[in-house]
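Here's the structure we're looking at; comments come further down.
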Amino acid sequence: MLQIVRITLREIRLPLREPFQISSGTMTERRIALLELHDASGAVSWSECVADDAPNYLPDTIDTSWLALVRWAIPRVLGERFAAPGEVRAALERDFRGHLMAKAALEMGMWGVEAERAGLPLARLIGGTRETIEVGISLGIQASPEALVDKARAALAQGYRKIKIKIKPGKDVDFVSAVRKAFPAAPLMADANNAYTLDDSASLVAMDDLGLMMFEQPLAWDDIVRHAELQRRLKTPICLDESITSLERAQDMVTLDSGRIINIKPGRVGGFASSIAIHDFCEANGIPVWCGGMLESGIGRAYNVALASLPNFIKPGDVSPSARYWARDVVTPEWTMEPDGTVRVPLDRPGIGVDVDMDRIENLTVRKEVLGV
Ligand code: OSB
Ligand code: MG
């Protein structure tokens, strides 16, 4: 029986080693909300909210998520008894719309606590079958095609199994073509973060013969219908990210053929129960999935690694090692990548697989709120 008696919410600020530019904005520092969850049994675990400062990815921000957690989500869970973490989602969904990133942070934390309680690695608790995860890198928009080629060369030399190139109109065909020309056989893909409309699909069509693994979320963040029209114009599979916020949206994608691959980010879909449901549905329908990332600290990364150990995560995920993002992470050991481009799933200890560096967290904390006893 899970029973959370206290949650400490913290906001930390973590500067990125280099700015990360996507079509809708540039990030130089992450504002990260962390949850420390205490169970009545004495088990403790941590989780992370993926919402950032601005609503340029989805509507959620760290400040709206904080409010949703304090005012609505945490009060539904605190002191309540749950037979299993899979039951938390229903408690958070009843008459409570949206705020999926807040719900996900709390729900995932309950899986982390249950893993501690049960004495199981998180990956094993959820039925993960992999011992290693294949890793891809997500490269932000660069100043020139030459600069991008240099970044891609360095990433391939480090062993990355997939290179994802952020694009937007005017920073697309020349950039992606230059990388393809330099590395004719490399596993490449492009992510537009909603920067296109059907009217300017010509540049996507112009990249259709570059042998890309997929185009990620070219059209609007909440669109399913227009992506189906775009998919009809392209050979390259479309992968949806922003548009897939639930199992139902994944079903819609398959019904309409709006895309053929899904990027699952647990923080975007409301947590692990929803992620697992989407994973299982995709597996049954021949849709490959991979685990996306939101520039998480080592705490959120632990959940992504555990999730990506499920069997239908058959394409490399955006689960780069700590050193890709941070001068120093908030966990020990930090997440590392092997020379063959894989991250090891921590299977030798219960829980999320890493220790939280409390001194570092205290130093980085800019606000804190304690709920419960
Ligand atoms: O679209 O996948 C995205 C980061 C912030 C917001 C949106 C996205 C991303 C990434 C980063 O691509 C992937 C990573 O965490 O390495
Ligand atoms: Mg994306």
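The values are calculated or read from the model by the stated rules, or taken from the named source; none is laboratory data. Every value quoted in this text rests on a predicted model; they were computed, and no experiment measured them. Backbone-built Cβ (ideal geometry, glycine too); neighbour counts: all protein chains shown.
In summary, Asp355 fulfils each of the numbered conditions (1) more than 14 Å from the chain's Cα centre (by Cα); (2) closer than 18 Å to Met108 by Cα; (3) within 16 Å of ligand 2 (Cβ to nearest atom) with the single exception of condition (3).
Here Glu36 passes the criteria (1) surrounded by fewer than 19 Cβ atoms within 10 Å (Cβ to Cβ); (2) among the acidic types (Asp, Glu); (3) under 23 Å from the mean Cα position of the chain (by Cα) except the one numbered (1).
Yes/no matrix, rows are residues, columns are (1) modelled with pLDDT of 95 or more; (2) within 15 Å of ligand 2 (Cβ to nearest atom); (3) in contact with a Pro (Cβ under 6 Å, 6 or more places away or on another chain); (4) aromatic (Phe, Trp, Tyr):
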site: Leu240; (1), (2), (3), (4): yes, yes, no, no
site: Leu247; (1), (2), (3), (4): yes, no, no, no
site: Ala250; (1), (2), (3), (4): yes, no, no, no
site: Met253; (1), (2), (3), (4): yes, yes, no, no
site: Leu256; (1), (2), (3), (4): yes, no, no, no
site: Arg260; (1), (2), (3), (4): yes, no, yes, no
site: Pro266; (1), (2), (3), (4): yes, yes, no, no
site: Ala273; (1), (2), (3), (4): yes, no, no, no
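Scanning region 205-228 for residues that are within 19 Å of Ser243 (Cβ to Cβ), more than 16 Å from ligand 1 (Cβ to nearest atom) and not in a loop (DSSP other than H, G, I, E, B) yields Val225, Arg226, Ala228.
Applying a threshold of 6 Å to beta carbon distances and a minimum spacing of six or more residues, or different chains, the list of pairs starting in region 263-280 at a residue that is at positive phi and ending at one that is charged (D, E, K, R) reads Gly270/Lys103; Gly271/Glu107. Among the residues of region 56-82, those that are closer than 17 Å to Gly372 by Cβ, of a type in the set (Val, Ile, Thr) and touching a helix residue (DSSP H, G or I) at 6+ places or on another chain (Cβ under 8 Å) comprise Ile74, Val77.
Of the residues making up region 175-204, those that are closer than 16 Å to Ser23 by Cβ, assigned to a loop (DSSP other than H, G, I, E, B) and more than 16 Å from ligand 2 (Cβ to nearest atom) are Thr197, Ser201. Remark: pairs (first residue in region 159-179, under 20 Å from Gly293 (Cβ atoms); second residue basic (Lys, Arg); Cβ separation under 8 Å; 6+ apart in sequence or on different chains) = Lys162/Lys315.
Within region 295-306, the set of residues being buried (at least 22 other Cβ atoms within 10 Å of the Cβ), within 11 Å of ligand 1 (Cβ to nearest atom) and farther than 14 Å from Ala123 by Cα comprises Glu296, Ser297. Considering only residues in region 48-75 that are assigned to a helix (DSSP H, G or I) and in contact with a Leu (Cβ under 6 Å, 6 or more places away or on another chain), the one that is farthest from Asp241 (Cα to Cα) turns out to be Ile74. Candidates Val330, Val269, Val289, Val225: the one that is surrounded by fewer than 17 Cβ atoms within 10 Å (Cβ to Cβ) and not hydroxyl-bearing (Ser, Thr, Tyr) is Val225.
Restricting attention to region 231-246, does a residue exist that is within 13 Å of ligand 1 (Cβ to nearest atom), surrounded by 20 or more Cβ atoms within 10 Å (Cβ to Cβ) and not in a loop (DSSP other than H, G, I, E, B)? Checked region 231-246: at least one residue is within 13 Å of ligand 1 (Cβ to nearest atom), surrounded by 20 or more Cβ atoms within 10 Å (Cβ to Cβ) and not in a loop (DSSP other than H, G, I, E, B).
Whether any residue in region 286-295 is in the same structural domain as Ile163 (by TED's automatic domain parsing) and more than 16 Å from ligand 2 (Cβ to nearest atom) is what I want to check. Yes, region 286-295 has at least one match. Between Ser45, Ser41, the distinction of being among the hydroxyl-bearing types (Ser, Thr, Tyr), modelled with pLDDT of 95 or more and part of a loop (DSSP other than H, G, I, E, B) belongs to Ser41 only.
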